[in-house]
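The values are calculated or read from the model by the stated rules, or taken from the named source; none is laboratory data. None of the values given here were measured: they were computed from a predicted structure. Neighbour counts are summed over all protein chains in view; Cβ atoms, including those assigned to glycine, are modelled from backbone coordinates with ideal geometry.
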Amino acid sequence: MVRKIVLYPDPVLREKGRLVTEVTPEILTLAVDMLETMRDARGVGLAAQQVGEAVQLAVVDVSHDEECINFLKVNGEDRPLASIMPLVFINPVLEFGKRKETDIEGCLSFPDLRADVTRPGTVKAHLQTLEGKKLVIETDGLLCRAIQHEVDHLMGKLFIDRMSTAKRMSLKRILEDMREGRY
Ligand code: ZN
């Protein structure tokens, strides 16, 4: 079922997600609904907070472009991108590479707002699947960026927090309009 996407400034977007300690039928349904909702909205990722649930569950799918990464290792082995898409994960912990990269980002909770965000260019993501498997994903490019963006959501952090002060100032009016429901 496609769920309604929560828009900024809904306070649930600022809530840190609870750890998923048990994969209940409700969590499974939520995950399926989040995949449908992400596809319906043509997004590359969605966090549970964006459908109103503050739990550490997110979905990512960047399989539209095989070239969007340079490398992918899963549990230490080279793997094709398609083999892990769509990615559904709970309770993530991230380790970041030193190199930074700036690229344009959007967010389904901020319709039509796109801006440059600087983030680490590589990541080592320790994730859990709904089947109870542990995944260690090392990658770069769009998958790296999407995982970081979604994990931020799970911690109550938003991409506007990662923008430069100058960029945030230039978006001040739009953000004010969103906060006051004029957008
Ligand atoms: Zn987002």
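Filter the stretch 85-95 down to residues that are more than 16 Å from the ligand (Cβ to nearest atom) and in contact (Cβ under 8 Å) with a residue 60 or more places away in the chain and give me whichever is surrounded by the most Cβ atoms within 10 Å (Cβ to Cβ).
Ile90
Within the bounds of the stretch 123-143, is there any residue that is in contact (Cβ under 8 Å) with a residue 40 or more places away in the chain, in contact with a Pro (Cβ under 7 Å, 6 or more places away or on another chain) and within 16 Å of the ligand (Cβ to nearest atom)?
no
Quick test for you: out of Ala166, Ala146, pick the one residue that is assigned to a helix (DSSP H, G or I) and within 15 Å of the ligand (Cβ to nearest atom).
Of Ala166, Ala146, the one residue that is assigned to a helix (DSSP H, G or I) and within 15 Å of the ligand (Cβ to nearest atom) is Ala146.
Could you please let me know if Met178 is away from the ligand (no atom under 16 Å from the Cβ) and either surrounded by fewer than 13 Cβ atoms within 10 Å (Cβ to Cβ) or modelled with pLDDT under 95 (or both)?
For Met178, the condition - away from the ligand (no atom under 16 Å from the Cβ) and either surrounded by fewer than 13 Cβ atoms within 10 Å (Cβ to Cβ) or modelled with pLDDT under 95 (or both) - is not met.
Show the residue pairs that are 6+ apart or on different chains and have beta-carbon atoms under 9 Å apart, the first residue being within the stretch 1-14 and farther than 16 Å from Pro111 by Cα, the second being of a type in the set (Ser, Thr, Tyr) and surrounded by fewer than 16 Cβ atoms within 10 Å (Cβ to Cβ).
Listed by first residue and then by second, the contacts come to Met1/Thr29.
Within the stretch 43-53, how many residues turn out to be more than 8 Å from the ligand (Cβ to nearest atom) and in contact with a His (Cβ under 9 Å, 6 or more places away or on another chain)?
Selection size over the stretch 43-53: 3.
What is the one condition in (1) touching a Pro at 6+ places or on another chain (Cβ under 6 Å); (2) closer than 30 Å to Arg182 by Cβ that Met34 does not satisfy?
Answer for Met34: the failing condition is (1).
In the stretch 110-143, what residues are buried (at least 18 other Cβ atoms within 10 Å of the Cβ) and either under 14 Å from Ala58 (Cα atoms) or basic (Lys, Arg) (or both)?
Result: Arg119, Ala125, Leu127, Gln128, Leu143.
Are there any pairs with C-beta distances below 8 angstrom linking a residue in the stretch 155-170 that is closer than 11 Å to Leu113 by Cβ to a residue that is acidic (Asp, Glu) and crowded, with 18+ Cβ neighbours inside 10 Å, with the two at least 6 apart or on different chains, and if so which?
Within 8 Å, the pairs are Leu158/Asp152; Phe159/Glu105; Phe159/Asp152.
When the residues of the stretch 96-109 are filtered to those that are surrounded by 15 or more Cβ atoms within 10 Å (Cβ to Cβ) and not small (Gly, Ala, Ser), which remaining residue is nearest to the ligand (Cβ to nearest atom)?
This residue is Cys107.
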